[in-house]
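A short worksheet on the structure shown next.
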Amino acid sequence: MNGQTTMQKPGPAAAQPERTRQGRTYLPAVDIIEKDSELLLVADMPGVTADGVTINYERGLLTVNGTVRPRQNGETDYLVREYGVGDFYRSFQIGEGIDAARIEAELSGGVLTLHLPKKQEVMPRRITVRSA
C-alpha cells in the first residue's frame, strides 16, 4: 500500500464513542481490501438497517456507527436470553488520499460495504514508453 491510503487502528488517544443510550457497543468485524482505484471496507453489522447507519469521513478519520433496535419490548419475559443487542462502532485513521465526495456505502444482509475511492493523484499510473 502506498503511504497516503494506509489504514490504522486508532491508538489509545483516539476518540471513543460517546454514549447516547444505554446498552452494549460492539466492534464489528471488518475486512479492508486495497484495489488500484479504491479501498473496500466490509463490516459485519447484524441487525442494523440502512437508516440506522451513520458514516462520517473528516480529515482522514472514518467513523462507522450502526444502531440496532431491540427485538422485543422491555416487558418480555425470557426463558433463555443469549442474544446480546447493542450498537456497532468503529473508527479508522485513513490517509488523505481518499476522494471523500465519491464515498459510497451499501448494506445487505447485515453486511456494510464501503467504497472509498482513491484520489487521482495517488492512484498508480502506467507510463507508456515510446520508441525513438
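The values are calculated or read from the model by the stated rules, or taken from the named source; none is laboratory data. This structure is a prediction, so every number in the text was calculated from the model and none was measured. Note that each Cβ is placed from the backbone with ideal geometry, even for glycine, and that neighbours are counted across all protein chains shown. Just the protein is used for accessible areas: all its heavy atoms, side chains included, with ligands, DNA and RNA removed. Shrake-Rupley method; radii C 1.70, N 1.55, O 1.52, S 1.80 Å.
For region 96-132, what are the residues that are among the small types (Gly, Ala, Ser) and in contact (Cβ under 8 Å) with a residue 12 or more places away in the chain?
GLY97, ALA100, ALA105, GLY110, listed by residue number.
Being surrounded by 10 or more Cβ atoms within 10 Å (Cβ to Cβ) and either of a type in the set (D, E, K, R) or part of a loop (DSSP other than H, G, I, E, B) (or both) narrows it down to one of GLU82, GLU96, so name that one.
GLU96
Scan region 31-55 residue by residue and report those that are touching a residue at least 24 places away in the same chain (Cβ under 8 Å) and hydroxyl-bearing (Ser, Thr, Tyr). Of everything in region 31-55, those that are touching a residue at least 24 places away in the same chain (Cβ under 8 Å) and hydroxyl-bearing (Ser, Thr, Tyr) turn out to be SER37, THR49.
Those residues that are part of a strand (DSSP E or B) and open to solvent by less than 40 Å² (accessible area, probe 1.4 Å), I need them from region 43-79; list them, please.
The answer is ALA43, VAL48, GLY52, VAL53, LEU62, THR63, VAL64, GLY66, VAL68.
Screening THR5 against (1) modelled with pLDDT of 85 or more; (2) surrounded by 15 or more Cβ atoms within 10 Å (Cβ to Cβ) leaves a single unmet condition, (1). From the residues in region 99-130 that are β-branched (Val, Ile, Thr) and at pLDDT below 85, which one is most open to solvent (accessible area, probe 1.4 Å)? Per the stated criteria, the residue is ILE127.
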